[in-house]
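Report on one structure; see the data block that follows.
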Amino acid sequence: MINKKNKWSPADKIQDLQFFGEYGGVNPSIADSSTFTYLSGKTMGDVFEGTREGCYLYSRHTNPSTSYLSKAIAEMEGMKGAIISSSGMASITNTILQICNYNDEIISSRTIYGGTYAFFKNYLPKFKINTKFVDITNIKQIENNISKKTKAIYCETISNPLLEVSDISRIAKIAKKNNLKLIVDNTFTPLIFSPAKLGADIVIHSLTKFINGSSDTVGGVVCSDENFIEDMIDVNCGSAMLLGPVMDSYKAASILKNMRTLHIRMKKHSENAYYLSKRLTSEGVKVIYPGLESHPNHKIMSQSHNKEFGYGGIFVIDTKTELNANKLMEKMQKTNLGYLAVSLGFYKTLFSAPGLSTSSEIPENERSKMGLSNGLVRISIGLDNNIERTYYSICKCLKEIGIL
Ligand SMILES: *Cc1c(COP(=O)(O)O)cnc(C)c1O
């Protein structure tokens, strides 16, 4: 029985998915084919023409395994459709190339994932697509940069490395008013944020991170309404079809299974990050975490996230200098606290120094005002069972380099 008083939860949407395998298997069968047969030539022609739906044609378009995964993620995001791709970057680049034409403009947060930033800044100018980088927490700045050429606003729910939180509801209102698409990268916060519920038109994930959670594959997804997804896989002019970033069936099946435990993992990641942030802060360590009341966007996050999943599994320690940052990370790896590696959302802790590479748009004096130091260490906390034990190990490392 569904209790109407129960609030909508993206985790319930995943829970309620019922996919049977070919012989009644409890997991859907894996599609082991690149192409699909037809009993009649006419039906095949109709599928090509787009006048007949519900048939698989060729796996660059869609196949049963990627379809199950896309359905699961669309449900989780409360959106009508989704298209899986071979990487988060493929999902991002395909989305932008679907929306923008020659001479168009995008407004983007200036603190976004490094690859996305490089694509906007260095690659899109080939097509005379110009990006205006803004401080996404400054609504006036977003509005002031809208021109006749603007097609979309792009941001991340929580950004690197300062973990700034986008006020998606407010940005969505501006997007609607100006007839722009709001694209939100939700990679850091699956389940924690439901950007479509807050007004986003397109939600993107790198599946490589939390959603898969086992750092064994790279993948991406774009969620949106049916029209946009159909446009993206259109045989004649869809970016996802023509640029061809498909995911292999076996990987899609594997990610789908991992997704079934996403809610438990996100809660644990958040619980661990909150515990460490709180305790380290009280010891006088400079920690950036949106779950702390001292974080400038704590209130915005508290008003807009799905509370049961917490404030996320990523926090940042400011060690002041690059030298300290490197020393800390090497010590933490030696202590088996985790790995000195890029990426995030793994069951073991991963840490890296985000540096200033993606923040080069930000003038020097503003950087220090923002708290963008060279000594930042980004920690994606793992699913550690005894987080107090982890805390004491981190403290020991911090003491050894003179930060505690
Ligand atoms: C990793 C990441 C991406 C890129 O995803 P890939 O799967 O590595 O291509 C995009 N956005 C964010 C926020 C990321 O962390």
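The values are calculated or read from the model by the stated rules, or taken from the named source; none is laboratory data. All values reported here derive from a predicted model rather than from experimental measurement. No Cβ is skipped: glycine too gets one built from the backbone with ideal geometry, and neighbour counts run over all protein chains shown. The accessibility values were calculated without ligands, DNA or RNA, using every heavy atom of the protein model including side chains. Shrake-Rupley method; radii C 1.70, N 1.55, O 1.52, S 1.80 Å.
In table form, for the structure just shown:
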quantity: Some residue of the range 192-199 being open to solvent by less than 20 Å² (accessible area, probe 1.4 Å), at pLDDT below 95 and either more than 11 Å from the ligand (Cβ to nearest atom) or assigned by TED's automatic domain parsing to the domain that holds ILE381 (or both); calculated: no
quantity: Residue pairs meeting the criteria (Cβ under 8 Å; at least 6 apart or on separate chains; first in contact (Cβ under 8 Å) with a residue 12 or more places away in the chain and open to solvent by less than 30 Å² (accessible area, probe 1.4 Å), in the range 241-252; second of a type in the set (A, V, I, L, M, F, W, C) and outside any loop (DSSP other than H, G, I, E, B)); calculated: MET241/MET232; PRO245/ALA90; MET247/LEU69; MET247/ILE84; ALA252/LEU69; ALA252/ILE84
quantity: Test: residue in the range 41-48 that is within 16 Å of the ligand (Cβ to nearest atom), within 30 Å of LYS151 (Cα to Cα) and not small (Gly, Ala, Ser); calculated: no
quantity: Residue in the range 47-60 that is open to solvent by 30 Å² or more (accessible area, probe 1.4 Å) and under 30 Å from ILE112 (Cβ atoms) present; calculated: yes
quantity: Close pairs from the range 162-182: first free of Cβ contacts under 8 Å to residues at least 24 places away in the same chain, partner assigned to a helix (DSSP H, G or I) and buried (at least 21 other Cβ atoms within 10 Å of the Cβ), Cβ under 8 Å, at least 6 apart; calculated: none
quantity: Count - residues of the range 391-402 that are open to solvent by 50 Å² or more (accessible area, probe 1.4 Å) and either outside any loop (DSSP other than H, G, I, E, B) or of a type in the set (A, V, I, L, M) (or both); calculated: 4
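Conditions (1) more than 16 Å from the ligand (Cβ to nearest atom); (2) charged (D, E, K, R); (3) in the same structural domain as PRO245 (by TED's automatic domain parsing), marked per residue:
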residue	(1), (2), (3)
LEU69	no, no, yes
SER86	no, no, yes
ALA90	no, no, yes
ILE112	no, no, yes
TYR117	no, no, yes
PHE120	no, no, yes
PHE127	yes, no, yes
ASN138	yes, no, yes
LYS148	yes, yes, yes
